[in-house]
1. Looking only at residues in segment 48-78 that are of a type in the set (V, I, T) and outside any loop (DSSP other than H, G, I, E, B), which one is modelled with the lowest pLDDT?
2. Answer yes if at least one residue in segment 102-110 is out of contact with any strand residue (DSSP E or B) (no Cβ under 6 Å at 6 or more places or on another chain), over 18 Å from I29 (Cα atoms), surrounded by 13 or more Cβ atoms within 10 Å (Cβ to Cβ) and modelled with pLDDT of 85 or more, and no otherwise.
3. Among the residues of segment 163-191, write down those that are surrounded by fewer than 21 Cβ atoms within 10 Å (Cβ to Cβ) and farther than 17 Å from V91 by Cβ.
4. Would you confirm whether any residue within segment 79-91 is in a helix (DSSP H, G or I) and either without any contact (Cβ under 8 Å) to a residue 40 or more places away in the chain or touching a His at 6+ places or on another chain (Cβ under 7 Å) (or both)?
5. Taking segment 205-216 as the region of interest, how many residues are surrounded by 17 or more Cβ atoms within 10 Å (Cβ to Cβ) and in contact (Cβ under 8 Å) with a residue 24 or more places away in the chain?
6. Any chance segment 133-145 includes a residue that's crowded, with 23+ Cβ neighbours inside 10 Å and of a type in the set (A, V, I, L, M)?
7. Given the residues T165, T137, T141, which is the only one that is more than 20 Å from P63 (Cβ to Cβ), touching a residue at least 60 places away in the same chain (Cβ under 8 Å) and touching a helix residue (DSSP H, G or I) at 6+ places or on another chain (Cβ under 8 Å)?
8. Just a yes or no: is a residue in segment 26-38 at pLDDT below 75, of a type outside the set (V, I, T), over 13 Å from the mean Cα position of the chain (by Cα) and on the phi < 0 side of the Ramachandran plot?
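The values are calculated or read from the model by the stated rules, or taken from the named source; none is laboratory data. What you are looking at is a predicted structure, and each value in this text was computed from that prediction instead of being measured. Quick reminder, even Gly has a Cβ in these numbers, built from the backbone with ideal geometry, and neighbours come from all protein chains shown.
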Amino acid sequence: MSQWMTLFQKEILEMWRNFKWIWVPITFILLGVSEPLTSYYLPEIIKNFGGLPEGAVIDIPPPTAGAVLASGLSQYSTLGVLIIVLGTMGVIAGERKSGVAAMILVKPVSYFSYVTSKWAGSLLLVWFALFIGYLSTWYYTGQLYEWVAFGEFFQSLVLYGLWLTIILTLTVFFSSALLSPGMAGFTSLAIALVVSMISGALAHLLEWSPTQLTSYASVLLTTGELPDDTLPASLISILLIAILLWLSVFLFKKKELAT
């Protein structure tokens, strides 16, 4: 356990040196505050910059607080996913390519500790960034519209966090399997996009799919109730994360022993 903690602390320190603990949370905060601010001031923005004819009346019904919060949360499904992939695609592949991984594994370091410590360090960063980013969305939504119940905020946070954890684990998996960080990132994004498109087109058949977690979080915020398939989708997500993490260790060990 002390070996794992040493590697975990090393990963945390490395992310400080790369300023990930600064730019990733700041980016998530900017994504979080942009939606409630834009929604609230949209009529004024259109009025001042829309070039409407004189005398035109802008009548945009104000969105509900839940809809604004759900819209803000959706930012993390697009730009947030991209940031996570770009920030973690080289977490293992980069060290393999530079030879750092081989230097570490010469010591009595297990492959399991090496891979899982890197995954855990990145996971802590992702959840921290998501929490403060989404918290800023919740705060500004409450200030500009009305307050959404904290319980709904927290449940939607967990659902989105599970989905982002799958994206992170998928990226770590390809970073373990491939030598090129760029290829690992591209493959992760491509698979996430294809699976999301398929699940969206067949949503009535794939209610249990982990990709539906983002939709279920939005439903919770807009209606105040969780869909019936939220629990199966969450359990499958946890199982998928465990399988991908195990495969990451297995493939990384196999490729390292083959070199």
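1. T78
2. yes
3. Hits for segment 163-191 are A190, I191.
4. no
5. Adding up the residues that qualify gives 7.
6. Checked against the condition, which is being crowded, with 23+ Cβ neighbours inside 10 Å and of a type in the set (A, V, I, L, M), segment 133-145 yields no hits at all.
7. None of the other options fit; the residue is T165.
8. Scanning segment 26-38 turns up no residue that is at pLDDT below 75, of a type outside the set (V, I, T), over 13 Å from the mean Cα position of the chain (by Cα) and on the phi < 0 side of the Ramachandran plot.
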